[in-house]
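What follows is calculated from the coordinates using simple rules that are stated; it is not laboratory data. All figures in this text were calculated on a predicted structure; none of them were measured in a lab. A quick note on method: Cβ atoms are made from the backbone with ideal geometry, for glycine too, and the neighbour counts reach across all protein chains shown.
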2 protein chains.
Amino acid sequence: MDGIEYLGLAASALATFSFLPQVVRTWRTRSAQDFSLATLLMLMTGTSLWIIYGVWRDALAIWLGNGVTFLLVGAILWVKMRNLLSTRNVTG
Amino acid sequence: MDGIEYLGLAASALATFSFLPQVVRTWRTRSAQDFSLATLLMLMTGTSLWIIYGVWRDALAIWLGNGVTFLLVGAILWVKMRNLLSTRNVTG
């Protein structure tokens with residue numbers, strides 16, 4: 001394997017697990033106010049399409065990495081939705 | 001081009017521009033408290049490695065997409081750093 005491919009693998013690993021400390025923080029603080037709902041929905045849609053693409057092309061690295069990101073972003077979206085619903089209850 | 005490649009392109013476009021509404025929101029609210037610093041640093045490092053990989057492999061789609069993400073995440077990190085510094089000033 002080329003040396004440059006190791007760089008690509010390191011980039012993949014960083015991208016995949018970058019949301020892990022975010023999920024830990026968001027889950028602890030129960031606050032996702034600063035997150036853009038549009039961004040979270042685009043990330044969920046984007047990773048869903050990558051999962052379909054990866055399964056179709058039988059490319060494990062693509063569907064597995066995006067599967068992990070999908071679950072991590074999903075956890076942040078869950079907190080964001082709870083924030084939005086509780087804000088609505090308070091003001092309404 | 002295969003139909004599945006269009007799906008891959010759509011996934012790429014969504015991933016690349018997903019941080020755009022986030023930057024608009026963060027820039028307007030000037031608040032990035034809910035973001036994990038580790039996540040932002042990992043995203044910056046990951047996209048940097050992808051840019052090197054893409055330039056080395058002469059793969060426009062890789063370095064351009066990651067270049068855009070690098071700039072967008074950089075803008076969020078900038079606000080986060082300002083938040084951290086101002087908090088330190090208030091408490092110290």
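Laid out as a table, the results:
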quantity	calculated
Residues located in region A:47-72, provided they are of a type in the set (Gly, Ala, Ser) and touching a residue at least 12 places away in the same chain (Cβ under 8 Å)	A:Ser48, A:Gly54, A:Ala61, A:Gly65, A:Gly67
In region A:49-75, residue farthest from the other protein chains (Cβ to nearest Cβ) [restricted to those that are closer than 21 Å to B:Val73 by Cβ and small (Gly, Ala, Ser)]	A:Gly74
B:Thr39, sole failed condition from (1) polar (S, T, N, Q); (2) within 15 Å of A:Ser36 (Cβ to Cβ); (3) touching a residue at least 24 places away in the same chain (Cβ under 8 Å); (4) touching a Phe, Trp or Tyr at 6+ places or on another chain (Cβ under 7 Å)	(3)
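Listed here are the residues, each with its yes/no results for (1) more than 17 Å from the chain's Cα centre (by Cα); (2) more than 9 Å from chain B (Cβ to nearest Cβ).
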| position | (1), (2) |
| --- | --- |
| A:Met1 | yes, yes |
| A:Ala13 | no, no |
| A:Phe17 | no, no |
| A:Ser31 | no, no |
| A:Thr45 | no, no |
| A:Trp78 | no, yes |
